[in-house]
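The structure under discussion appears below in the form of structure tokens.
The values are calculated or read from the model by the stated rules, or taken from the named source; none is laboratory data. Computed from a predicted model, the values in this text were never measured in an experiment. Glycine gets a Cβ as well: all are built from the backbone with ideal geometry, and neighbour counts include every protein chain shown. When the accessible area is computed, the model is the full protein with side chains, heavy atoms only, and any ligands, DNA or RNA have been set aside. Shrake-Rupley method; radii C 1.70, N 1.55, O 1.52, S 1.80 Å.
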Amino acid sequence: MLIAQISDIHIVKMGSKTLGVAPMEANLKQVVGHINQLVPRPDLVLVTGDITDHGTKDEAVNAAQLLGQLNCPFYVIPGNHDDRNVLWAEFGGSACPIRSSNFINYVIDEHEVRLIGMDSTIENAQGGELCAERLAWLEEILAAEPDHPTLIFMHHPPVKCGVIESDLDGFLGADAFGAIVEDYSCIERIVCGHIHLPTFARFHGTIVSTAPSIGIRLGLDLTMKKESEFFLDAPGYQLHHWTRYNNLITHTISLNDAEGPFAYEEH
Ligand SMILES: [Fe+2]
Ligand SMILES: [Fe+2]
């Protein structure tokens, strides 16, 4: 099974640049084009939040139009830049198949890897949260298929990744979430976005990974002292390749202008 993950697309209204400088619409078109020509074709695409930059309807409509060019199914979950209700109005019933009470949580059950989308957002706040209601939903879903290889996807990573913006924003309920995760060895991975950098971290017996954004990279400052800053970067995304023998292997793809390919035999 091949799963593509796009994250933090931060789409603004058509024809505009995000933060005034980042060509996210053009970048998304490039990423969608790249995914559409992959062999083998991904089974589906997960878009892990910050679909819009300001949570407006115009932005969500633009994002839906651009993502609609993908030639495989795609699924979205909200990030801190999104408005849950706006997202639901635009993507509900298809790219967000269901909504569990107040939150956009859902399961995609028809593949080799079971996919659980979690809504980790807090209204009018930047940080993440999995509250008691969301965790009770998750526990019920996990208990129904405890032996099925499972991937959880959500916007906020439940770990501190050494990126000042998100580490300060925090993640409420991370310990309670970890206690549930620990009970289910079927959780192959928790894939997230939010920090606009590719990272991997151990978390309660599984691995948390984060995908790059499609063009806005956050400055990495392991001293955690600098003012936050960003760079315009080549669009990137991740491919999570599942086989029963190798489990889940992740490739980070950057659409930079690399030279090649060169054949080793000729060099
Ligand atoms: Fe973001
Ligand atoms: Fe975010």
### Message
over 14 Å from the mean Cα position of the chain (by Cα), within 27 Å of Gly162 (Cα to Cα) and part of a loop (DSSP other than H, G, I, E, B): is that true of Leu222 in this structure?
### Response
yes
### Task
Looking only at segment 45-59, decide whether some residue is away from ligand 2 (no atom under 16 Å from the Cβ), open to solvent by less than 10 Å² (accessible area, probe 1.4 Å) and either small (Gly, Ala, Ser) or at pLDDT 95 or above (or both).
yes
### Task
For segment 24-40, state whether one or more residues are away from ligand 2 (no atom under 16 Å from the Cβ), among the polar types (S, T, N, Q), over 18 Å from the mean Cα position of the chain (by Cα) and at pLDDT 95 or above.
yes
### Task
Out of the residues in segment 208-240 that are open to solvent by 10 Å² or more (accessible area, probe 1.4 Å) and among the polar types (S, T, N, Q), state the one that is nearest to ligand 2 (Cβ to nearest atom).
Ser228
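What tally of residues in segment 175-200 results from selecting those that are away from ligand 2 (no atom under 16 Å from the Cβ) and open to solvent by less than 30 Å² (accessible area, probe 1.4 Å)? Step through it out loud before you land on a result.
Initially, segment 175-200 is screened for residues away from ligand 2 (no atom under 16 Å from the Cβ), giving 175-189, 200.
Right, trim to open to solvent by less than 30 Å² (accessible area, probe 1.4 Å) and you get 177-178, 180-181, 186-187, 189.
Total meeting the criteria: 7.
Filter segment 60-71 for residues that are of a type outside the set (Gly, Ala, Ser) and surrounded by 15 or more Cβ atoms within 10 Å (Cβ to Cβ) and give the result. Give the derivation first.
Let us first name the residues in segment 60-71 that are of a type outside the set (Gly, Ala, Ser), namely 61-62, 65-67, 69-71.
Scanning segment 60-71 gives Val61, Asn62, Leu66, Leu67, Leu70.
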### Residues that are over 20 Å from Glu140 (Cα atoms), of a type in the set (S, T, N, Q) and assigned to a strand (DSSP E or B), drawn from segment 166-219
Thr199, Ser209, Thr210, Ser213
